[in-house]
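Below you'll find the structure, written out as structure tokens, and then a few comments.
The values are calculated or read from the model by the stated rules, or taken from the named source; none is laboratory data. This structure is a prediction, so every number in the text was calculated from the model and none was measured. Glycine also receives a Cβ, built like all others from the backbone with ideal geometry; neighbour counts cover every protein chain displayed. Side chains are part of the model used for accessible areas, which takes the heavy atoms of the whole protein and leaves out ligands, DNA and RNA. Shrake-Rupley method; radii C 1.70, N 1.55, O 1.52, S 1.80 Å.
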Amino acid sequence: MSEAAAETLERSQGVDARLSAERRRRSAQIRQARERLTTSDVDTSGCEIQLLRLYARSRRTSAIAAVAMIALAGSFACSWVAWNVVAFWSVGALASLALCYALAQDLAGVPDAMVVEAVWRRRFIAAEFLHGLMWAAMAAILIMARDDSGKIVAFGALLNAAAFNTMASAPLPPAVAAALAPIFCASLLLVATKSAGTASLALLYMNVAAQLFFFILARRFHRLAAEGLAFRAEKSALIVELEQAKANSDEARRRAEEANFAKSRFLATMSHELRTPLNAILGFSEVLMAELFGPHANPVYKDYSRDIHASGQHLLALINEILDLSRVEAGRYELREESVSLAGVAQECRHLLAIRAQKRGIRIVEAMESDLPRLWADERAVRQIVLNLLTNAVKFTPQGGQVTIKIGWTQAGGQYVAIKDTGPGIPQDEIDLVMSAFGRGALAQKNADEGAGLGLPIVKGLVDLHGGRFVLKAQLRQGTEAIVVFPPARVMSAPPRVEPLEQARSLVVASIDARRRSAA
């Protein structure tokens, strides 16, 4: 769906344009971030300085191994070459290695803002080229030996030097090329002159092929390192964006909670101001209905007073529901806990709605387990829970239908009350709507006797205050079942059985006789 179509649909549903635009903007940002994470085309630009530092760190950490390899190559070369020549080569090789190490160490102390990438790149390439020249010189020294075994050692030295320099300089491919170039040229020169034997010549060809492979491998390592750095940078940027979005979300939630709490507190404190004029309206309308000061000259006035009284009662009931929900949301609803019989409360609510159910031909059936212990709960809250659920069941049950009230034990040891009707039911996509404050389903909006949509939210709030659970099961054209479960902690254990007075006296006498016999 395009953004224009989504905006038109949200506008037709009454959604705030500013909120919908903000939602679409965040969705676009999340989609772009997901595309950046899943795409294979990674932008490696901007990672040159990090690659230089990675090369410098590799050179610093491999310095000891490089010194050991130079010492090992020099010790082997002494078998075919004079020691003073080997010593001269060793000093030159160590000096070139020290230059590479010094440059790497200097880069570690330079901040990123002061690093000139081109200058440092040229320095590292020159140092690696000088180091490669020293290894090429070792190969030349060994090849001049008369024994063919010295030539084989030269081939091995070239191969080891190429492999080691490739691994140490892999983050910087130009440096790898600079280090391999002298060794590669020396190998090609030997192949061209054919100064080695047949077996040595085969090894030399393998050496050249291995150096080409090392260079390709170095470029692959460089690509992987660049992609890793790019992914790390994108991950860091995404983490920053997520943290910022989380901070914005927390701030928006905090403001919404403060606004909701302020609204609930305002409605909870308006109880006296709203009920006082309504009580006067109800009282004076009752006086007019009863004609206490004489009959009306026009009987229409009596009908008007009856309508005023009915409207006032409806408005008072609506205000009471709003205030109850506000007190629950604001945490100002205090439970007055006492011993309550769940079955007794359900029967009282049934008697209150019996006349209304009879007028519509609705049959109310009770299915209650016997000998249920009492609950430790707020009797007014429990009565309001059962009355709201039973009122909804009678309201939405068609004429001639049936409402069933079930009360019994739960598997965990608590008690439940379930009210099921044979009404049209509620679609699954509207259950969350009817459970929200002022939410009414499609059937409630068509019903002439609809309420304000506060009955079920009040029930859920009161059940939560008791630590219980409220479940609404509904299917279209199959009725609705509302289940309220009270936890086992609310069930009062049966009191100890009191023995009759005569039986208690006989037990005391028997105990005294037993003590006397034991003393004798």
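The tail of the calculated P(r) for the range 217-302, taken as Cα-Cα distances beyond 19 Å, holds 73 percent of the pairs. Projected label points at residue 98 and residue 220, each 7 Å from Cα along the beta carbon direction, are separated by 3.7 nanometres. Net length available on complete extension from residue 115 to residue 259 is 46.7 nm, with 0.36 nm assigned per residue and the Cα-Cα distance removed.
Per-residue packing, averaged as other Cβ atoms within 10 Å, sorts the ranges 383-390, 301-308, 86-93 into the order 383-390, 86-93, 301-308, beginning with the highest.
Computed over neighbours whose Cβ is under 12 Å from that of residue 178, the net charge equals +2, Lys and Arg +1, Asp and Glu -1. Students often get this wrong, so check it: of 359/395; 302/395; 420/460, which have C-alpha atoms separated by over 19 Å? Cα-Cα > 19 Å for 302/395; rest within.
For the listed peptides 285-292, 395-402, a ranking on the average number of other beta carbons within 10 Å per residue, highest first, reads 395-402, 285-292. Annotation: extensible slack from residue 231 through residue 367 equals 42.5 nm (criterion: 0.36 nm per residue apart, minus Cα-Cα distance). For the pair residue 290 and residue 302, the difference between a 0.36 nm per residue extended length and the Cα-Cα distance amounts to 3.5 nm. Solvent exposure of the range 274-347 amounts to 61 Å² per residue of accessible area, where only protein heavy atoms count and the probe is 1.4 Å.
Modelled spin labels at residue 244 and residue 276, positioned 7 Å past Cα toward Cβ, are 5.2 nm from each other.
Sequentially through the range 235-251, phi angles give Karplus couplings (6.51, -1.76, 1.60; θ = phi - 60°) of 5, 5, 5, 5, 4, 4, 5, 5, 5, 5, 5, 5, 5, 5, 5, 4, 5 Hz, Gly and Pro residues having no value and appearing as x. Scaling the Cα radius of gyration of the range 271-379 by the globular reference 2.2 N^0.38 Å produces a ratio of 1.50. Placing dummy labels 7 Å off each Cα toward the beta-carbon, the span from residue 464 to residue 91 is 8.5 nm. The distance from the alpha carbon centre of the range 346-361 to that of the range 85-120 is 96 Å, rounded to a whole number.
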